[in-house]
1. I'd like the residue in the range 1-11 that is touching a helix residue (DSSP H, G or I) at 6+ places or on another chain (Cβ under 7 Å) and assigned to a helix (DSSP H, G or I) and, out of all such residues, is surrounded by the most Cβ atoms within 10 Å (Cβ to Cβ).
2. Would you confirm whether any residue within the range 66-81 is part of a loop (DSSP other than H, G, I, E, B), surrounded by 14 or more Cβ atoms within 10 Å (Cβ to Cβ), modelled with pLDDT of 95 or more and out of contact with any helix residue (DSSP H, G or I) (no Cβ under 8 Å at 6 or more places or on another chain)?
3. List pairs: first in the range 49-63 and surrounded by 13 or more Cβ atoms within 10 Å (Cβ to Cβ), second modelled with pLDDT of 95 or more and in a loop (DSSP other than H, G, I, E, B), Cβ under 7 Å, 6+ apart or cross-chain?
4. Restricting to the range 35-48, what's the tally of residues that are assigned to a loop (DSSP other than H, G, I, E, B), touching a residue at least 12 places away in the same chain (Cβ under 8 Å) and more than 10 Å from the chain's Cα centre (by Cα)?
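The values are calculated or read from the model by the stated rules, or taken from the named source; none is laboratory data. Small disclaimer: the values here were computed from a predicted structure and weren't measured. Because the Cβ atoms are built from the backbone with ideal geometry, glycine has one as well, and the counts that use them run over all protein chains shown.
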């Protein structure tokens, strides 16, 4: 699970934070409600996890709440990745 968490953290930091951005992002940082990820970016984040982990996340499950923290994204990926 740590590799999964780290991969998502790395992606968020690389894609959504500018070099001069001094905000710290960890597994519990609010991404959407904190203004780091907007609704358009959430779609690209969803695509990233679907491709990387070979899963399909139904649109009904791809809510802003489900993508608001790295921890919630990890839980979503694990739910659809299965055992």
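1. So the first thing to find is which residues in the range 1-11 are touching a helix residue (DSSP H, G or I) at 6+ places or on another chain (Cβ under 7 Å), and the list is 1, 4-5, 7-9, 11.
Keeping just the survivors that are assigned to a helix (DSSP H, G or I) gives 4-5, 7-9, 11.
Values: 4: 17, 5: 16, 7: 17, 8: 23, 9: 17, 11: 17.
By that ranking, first place goes to 8.
2. So in the range 66-81, the residues part of a loop (DSSP other than H, G, I, E, B) come out as 66-69.
Add one more test, that the residue is surrounded by 14 or more Cβ atoms within 10 Å (Cβ to Cβ), and what stays is 66-69.
When the remaining residues are screened for being modelled with pLDDT of 95 or more, the result is 66-69.
Next, from what is left, pick out any that are out of contact with any helix residue (DSSP H, G or I) (no Cβ under 8 Å at 6 or more places or on another chain): 68-69.
Scanning the range 66-81, I find at least one residue that is part of a loop (DSSP other than H, G, I, E, B), surrounded by 14 or more Cβ atoms within 10 Å (Cβ to Cβ), modelled with pLDDT of 95 or more and out of contact with any helix residue (DSSP H, G or I) (no Cβ under 8 Å at 6 or more places or on another chain), so the answer is yes.
3. That search, which allows pairs on different chains as well, returns 50/56; 50/57.
4. Within the range 35-48, the subset assigned to a loop (DSSP other than H, G, I, E, B) is 35-38.
Narrowing further to those that are touching a residue at least 12 places away in the same chain (Cβ under 8 Å): 36-37.
Remaining after also requiring more than 10 Å from the chain's Cα centre (by Cα): 36.
Count: 1.
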